[in-house]
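Trainee: Can you read through this structure? Questions will come right after.
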Amino acid sequence: MNDVLSRFLRYVQYDTQSDERSTTYPSTEKQRVLLRALVEELRGIGLADAAIDEYGYVMATIPATTKRPDVATIGLIAHVDTSPEMSGAGVKAIVHRGYDGRDLVLPDDPRAVVRLAENPALREQIGNDIVTASGTTLLGADNKAGVAEIVTAASHLVAHPEIPHGAIRVAFTPDEEVGRGTAHFDVARFGAQFAYTIDGGSRGEVESESFSADAMTVTFNGFNTHPGYAMGRMINAIRMAADFVHSLPSESLSPETTDGHDGFVHPYVVQAAVERTSVKLLVRDFVTDGLREKESLIKRLADHAAAGYPGAWVETVVEESYRNMKEVLDRYPAVVENAREAVRRAGLYVRSRSIRGGTDGSRLSFMGLPTPNLFAGEQNFHSRLEWVSVQDMEKAVETIVHLARVWEERS
Ligand SMILES: [Zn+2]
């Protein structure tokens, strides 16, 4: 199990940043370099069918060891790309042995300090080994910790055929961070009945609930003319959009004022000109019906703003982003329950968390593959202050091995 750290330190050397502006798949060619290396490594540990497809998806099988014919095939999934928000090139990983509670000052930027006061999760890491980057890049624990944990668990299972388990499918995917991780994921070819993304935070986390999410575009149409001769004729779409944004709730229903189980409406991009101004909004709620209410509120406020400008008109377009995976997972309670049991057998207590966002599992669950998210030990996602504890990574490996056993016992 000590291998998980050395694997992790090897994977973070690869720059695998994805790019949302790219039109190729994967969005960046460099992701393929790590994906290809993973194929070789999986073959090396005995997963003979490991292969990469044209889109970059790596899939492989840990063959079943059970004699029972009816054990479900489960899947383990992690993404290799890192966030476009922060450089992942030239990562210098540092292992801080025996963390003693003091601030971790990262050497390449003295302002980059991982403080206990700002990281409550560090409180349970005293004495453990913490891995950080050096202050100028992210670390890439999101999600290379998950990749290292899955490969290490696979290697352990192959080396211990006396552990009974069903067939286990492994997938490593590109482009999760740009929301396209499942765009070409072939659920039928993957062939698992249930799966887990290993892409969560603190030890013991089992996440079975995500936001339901839509994107909405509100476009105000005005009329442009020479401003020197515009009296009584010009209709300024920018003013309309400004009135609209101003009318959105800000004391509630906004990302800045909600937490826990509350959803929100979030204007995040404006493209403005006198003739036409569009406002893009994220709409989020844990209940899909709650999205409808928020969307009709947005329409009412947009119509109201346009009504102040005779001759103007407004269009609204709603696009579905993803849905709360709980709507699917509630129909297959064993998927979450078996994960909780595996966490307990690893000697941890279960933390159930609702994700205020989406995961590849949210999409996969609605593509026919129920997929909750399990902890990988990742902390401070997408930040220069990203860190992961070696002992949490080891616990994640242990949890995966228990999970394989639990499915065999309970099938
Ligand atoms: Zn991730």
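Trainee: Name every residue in the range 225-242 that is surrounded by 10 or more Cβ atoms within 10 Å (Cβ to Cβ) and more than 14 Å from PRO310 (Cβ to Cβ), in order of residue number.
Mentor: Passing the criteria: THR225, PRO227, ALA230, ILE238, ALA241, ALA242.
Trainee: Aromatic (Phe, Trp, Tyr) and either in contact with a Ser or Thr (Cβ under 7 Å, 6 or more places away or on another chain) or open to solvent by less than 30 Å² (accessible area, probe 1.4 Å) (or both): which single residue out of TYR332, TYR322 fits that description?
Mentor: TYR322
Trainee: Another question, then. Can you tell me which of TYR309, TYR322, TYR332, TYR349 is within 16 Å of the ligand (Cβ to nearest atom), aromatic (Phe, Trp, Tyr) and in contact (Cβ under 8 Å) with a residue 60 or more places away in the chain?
Mentor: Checking each option against the conditions leaves just TYR322.
Trainee: Being of a type outside the set (A, V, I, L, M, F, W, C), part of a loop (DSSP other than H, G, I, E, B), at pLDDT 95 or above and within 15 Å of the ligand (Cβ to nearest atom) is the filter here; which residues of the range 353-382 pass it?
Mentor: Across the range 353-382, the qualifying residues are THR371, PRO372, GLY377, ASN380.
Trainee: Could I ask something else about it? Any chance the range 337-345 includes a residue that's at pLDDT 95 or above, part of a helix (DSSP H, G or I), among the aliphatic types (A, V, I, L, M) and within 16 Å of the ligand (Cβ to nearest atom)?
Mentor: no
Trainee: Taking only the range 31-83 into account, find how many residues are of a type in the set (A, V, I, L, M), in contact with a Leu (Cβ under 7 Å, 6 or more places away or on another chain) and either modelled with pLDDT under 95 or open to solvent by less than 10 Å² (accessible area, probe 1.4 Å) (or both).
Mentor: Going through the range 31-83 one residue at a time, the tally reaches 5.
Trainee: Next question. Can you find even one residue in the range 188-207 that is over 22 Å from SER389 (Cβ atoms), within 16 Å of the ligand (Cβ to nearest atom) and part of a loop (DSSP other than H, G, I, E, B)?
Mentor: No, the conditions are met nowhere in the range 188-207.
Trainee: Which one is least open to solvent (accessible area, probe 1.4 Å) among residues in the range 159-178 that are within 16 Å of the ligand (Cβ to nearest atom) and acidic (Asp, Glu)?
Mentor: ASP175
Trainee: So which residues in the range 164-187 are assigned to a loop (DSSP other than H, G, I, E, B), touching a Phe, Trp or Tyr at 6+ places or on another chain (Cβ under 9 Å) and within 13 Å of HIS79 (Cβ to Cβ)?
Mentor: PRO174, ASP175, GLY179, ARG180, ALA183, PHE185
Trainee: Taking ASP214 as the residue in question, decide whether it is more than 16 Å from the ligand (Cβ to nearest atom), under 18 Å from the mean Cα position of the chain (by Cα) and either within 30 Å of TYR25 (Cβ to Cβ) or open to solvent by 20 Å² or more (accessible area, probe 1.4 Å) (or both).
Mentor: It is true that ASP214 is more than 16 Å from the ligand (Cβ to nearest atom), under 18 Å from the mean Cα position of the chain (by Cα) and either within 30 Å of TYR25 (Cβ to Cβ) or open to solvent by 20 Å² or more (accessible area, probe 1.4 Å) (or both).
Trainee: Report, by residue number, each residue of the range 84-127 that is among the β-branched types (Val, Ile, Thr) and either in a loop (DSSP other than H, G, I, E, B) or within 20 Å of LEU9 (Cα to Cα) (or both).
Mentor: Across the range 84-127, the qualifying residues are VAL91, ILE94, VAL95, VAL105, VAL114, ILE126.
Trainee: Report, by residue number, each residue of the range 383-392 that is surrounded by 24 or more Cβ atoms within 10 Å (Cβ to Cβ) and part of a loop (DSSP other than H, G, I, E, B).
Mentor: Matches in the range 383-392: GLU386 only.
The values are calculated or read from the model by the stated rules, or taken from the named source; none is laboratory data. These figures come from a predicted structure and were not determined experimentally. We place every Cβ from the backbone using ideal geometry, glycine too, and count neighbours over all the protein chains shown. With ligands, DNA and RNA removed, areas are computed over all heavy atoms of the protein, side chains included. Shrake-Rupley method; radii C 1.70, N 1.55, O 1.52, S 1.80 Å.
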